[in-house]
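The values are calculated or read from the model by the stated rules, or taken from the named source; none is laboratory data. These figures come from a predicted structure and were not determined experimentally. Heads up, the Cβs are rebuilt from the backbone with ideal geometry, glycines too, and the neighbour counts pull from every protein chain shown. Just the protein is used for accessible areas: all its heavy atoms, side chains included, with ligands, DNA and RNA removed. Shrake-Rupley method; radii C 1.70, N 1.55, O 1.52, S 1.80 Å.
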Amino acid sequence: MSANSFVVLAFCALAVGVNALTEEQKAEITKSSLPLIAECSKEFSVNQGDIDAAKKLGDPSGLNSCFVGCFMKKAGIINASGLFDVAATIEKSKKYLTSEEDLKAFEKLTETCAPENDKPVSDSDKGCERAKLLLDCFVANKGSVSEIVFLSKKDTF
């Protein structure tokens, strides 16, 4: 799968938003993400058209925030308390990111977005609002990373 065919949601930025991912790394991330996306899509009525629209706009913030929260919880980005789990997220990223440069860039992004845990949310541990805050932070700071991988059209759920 070519880098140009990738269209992944920015909420995957935590897993892959760094400099030099190989095609194998991208494939592994996609493989592990698709079942989670499929589960959450079903639960929150998000379809391929919704994802394609976000891709076309280049902005996933219009997606159902509870769908994004569901994905982030299932991926271990947001914990059971509804908070961004920075340490667990960094640890999980080591499965995919092998270069020291990529790991440092990724850690910088997570540190930049960690203060989103301090902002008040009204949905407690549900994670919808926190996911929206994190997504906004990831998108706002994507300049610090060179690549955000999106779910390819051919990688449907």
Between VAL86 and ASP125, with labels modelled 7 Å along Cα→Cβ, what's the label distance in nm to one decimal, could you check? 2.2 nm
Assuming 0.36 nm per residue, please report the length gained on full extension of the stretch ASP136 to ASP59 beyond their Cα-Cα distance. 26.8 nm
For segment 97-139, report the accessible area per residue in Å² (1.4 Å probe, heavy atoms, rounded to an integer). 51 Å²
Amide H contacts under 5 Å for ILE78, restricted to residues at least 5 apart in sequence or on another chain and with H modeled in the peptide plane, are LYS73, ASP85
Taking protein heavy atoms only, a 1.4 Å probe, and rounding to whole percent, the accessible area of segment 38-150 owed to carbon and sulfur comes out at 50 percent
Proximal lysines relative to LYS119, as straight alpha-carbon distance under 27 Å, when same-chain residues fewer than 8 apart are discounted: LYS73, LYS74, LYS92, LYS104, LYS108, LYS132, LYS142
